[in-house]
Amino acid sequence: MASYAYLFKYIIIGDTGVGKSCLLLQFTDNRFQPAHDLTIGVEFGARIVTVGQKRIKLQIWDTAGQESFRSITRSYYRGAAGALLVYDITRRDTFDHLATWLEDARKYSNANITIMLIGNKCDLEAKRAVSREEGESFARENGLFFIETSAKTAANVEEAFVHTAADIHDKIQAGVLDVTNESSGIKLGPTQPNLSSFPSGSAETVRGCC
Amino acid sequence: TPVHFPTPNNQARKMVIYGIPTTLRPRVWQFFAEEAKIRQSGFYEDLLNRERIPIFDVIERDIPRCYPDHQLFCDNQSEGQRQLFDILKAYAHYNPEVGYCQGMGRLVGVFLMQHMSAEDSFWLLAATIRQYLPQYYVPTLTQVRIDSAVFEKLLQEHNRKLANHFAVNDITPLMYVTSWFMTLFTMTLPWASVLRVWDWFYLKGTKILFRIGLAILDCISDHLLTECPTNSEILQYLLHIPKDKLAPEHLFAAANRVRIKTHHIDRLSRQVTLHGVPARGELSTSESRSPQKSSKRRVFQRVFSP
């Protein structure tokens, strides 16, 4: 369980109440919790996915969405390989704010970060306020991936995380991302003991080599 | 039953050690926060009648996410949710510099759980922010960031081994103290510990945030050092500390071993502000964090004397 080829750091950003924590919970625990506590500061989750033949550990940072918290959230961009930028398809304002989120992401993260734009709550079709096409075209114009998800029904949640991982993996294969550089948001897994970048990875290393 | 103590200082100390009787707790908090200084009769009603402003949307969305497991607030038709909404709306009008910031609802929820009326809860929120946390919930979260930097220094002095372990694994205090401090530990500690920490906080001020913060880390330090080799495990644990590790007997034993002086905290605050960590000019860090004790002790004596 503990062994993996790479560790990718993700950050989930977007306005308050768009479903960031629910997406994380659905992805890591396969459940939806309609009544959950507000995220104050940051939350955190991890899961291993398989891309190609490789096991990749995703380490996901879920941030507070209220504007005040941006000053704190900015410190988490550093060293993120992937960002999930989330809006709520039933709330126009959360789509309108994407540009400022993107500006932060471009400014504070590394240049090669893979960004997935996510229109969440697609189970609420009747309340839709942002069309799919608008989401797609915003993504196209800004060089982002795009997907609509429902953290409630789990639709496309897995895909959003895995597709992002696949793109980061492609970038590694193509040599665009340097895995030895910490700021890339990628670390080698403990399966390669000689290359392990963990300073004190004893427990995982032991379990990892078999 | 009110207990007579020989000197005000002893009263205060004993209160922290033995706990305040439940029914007196709101009154004691009100007195320490000097709520009477700012309370204006009829003003809360007046604030409730003011116009809707954009921040209400944010408050509204947060209400169901404030103590969703507590019986007072779990139902969206409940009196508890309505009061929470009213109080936060009123505060947004009362103090436009702060408006509303996530985390404030956790304070209000505790007041309501102590069976305080909405109006009393509102004034205690206002007094608490004014007296202890004036720059906490402002849009720049200035004091949260300063205190986080101060906490990092205190941790280095207090538990160097753990501080190094964090540093090597890129764990900074902002990752965990943000929720500790902004919710006054309500998301982290078991209830039996929360209320006693609050008693202490109202008596001694924000110094208690640091002291309890360091005590929490002391309670879990061994686990973090031996069982959490990378930042994944560390964060996972830090953000979800098993409640039994922080039961009053463990937490307060640890807190009693933490010694920090207010003037030291003040000095560190000035240092981190000077180095530009979160500087924003109008900070009140040059003032001491210690609430003016003399007048409070007198009030306290009045409350508790037979």
Legend entry - In the range A:53-63, residue nearest to the other protein chains (Cβ to nearest Cβ) [restricted to those that are in contact with a helix residue (DSSP H, G or I) (Cβ under 9 Å, 6 or more places away or on another chain) and more than 12 Å from A:LEU84 (Cβ to Cβ)]: A:GLN59
Inset, instruction - Check B:LEU283 against each of (1) in a helix (DSSP H, G or I); (2) at pLDDT below 90 and name the one condition it does not meet. - result: (1)
Inset, instruction - Would you mention how many residues in the range A:17-52 are open to solvent by 10 Å² or more (accessible area, probe 1.4 Å), away from chain B (no Cβ under 13 Å), closer than 13 Å to A:VAL162 by Cα and not hydroxyl-bearing (Ser, Thr, Tyr)? - result: 2
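Counting only residues that are aliphatic (A, V, I, L, M) and more than 10 Å from chain B (Cβ to nearest Cβ), which one in the range A:1-16 is surrounded by the most Cβ atoms within 10 Å (Cβ to Cβ)?
Once the filter is applied, the top-ranked residue is A:ILE12.
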Legend entry - Residue check, B:ALA126 modelled with pLDDT of 95 or more, more than 14 Å from chain A (Cβ to nearest Cβ) and open to solvent by less than 10 Å² (accessible area, probe 1.4 Å): yes
Legend entry - Restricting the range B:27-75 to residues that are β-branched (Val, Ile, Thr) and within 17 Å of B:ASP86 (Cβ to Cβ), the residue that is surrounded by the most Cβ atoms within 10 Å (Cβ to Cβ): B:ILE59
Inset, instruction - Scan (1) surrounded by fewer than 21 Cβ atoms within 10 Å (Cβ to Cβ); (2) modelled with pLDDT of 95 or more for the single condition B:LEU24 breaks and write down its number. - result: (2)
Inset, instruction - Give me a count of the residues in the range B:223-237 that are part of a helix (DSSP H, G or I) and either within 20 Å of A:GLY79 (Cα to Cα) or more than 26 Å from the chain's Cα centre (by Cα) (or both). - result: 9
Inset, instruction - For residues that are part of a loop (DSSP other than H, G, I, E, B) and either touching a residue at least 40 places away in the same chain (Cβ under 8 Å) or within 14 Å of chain A (Cβ to nearest Cβ) (or both), tally how many sit in the range B:108-123. - result: 3
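The values are calculated or read from the model by the stated rules, or taken from the named source; none is laboratory data. A quick note: this is a predicted structure, and the numbers were derived from the prediction, not measured. For neighbour counting, all protein chains shown are included, and Cβ atoms are generated from backbone atoms with ideal geometry for every residue, glycine included. Protein only, heavy atoms only, side chains kept; ligands, DNA and RNA dropped before computing areas. Shrake-Rupley method; radii C 1.70, N 1.55, O 1.52, S 1.80 Å.
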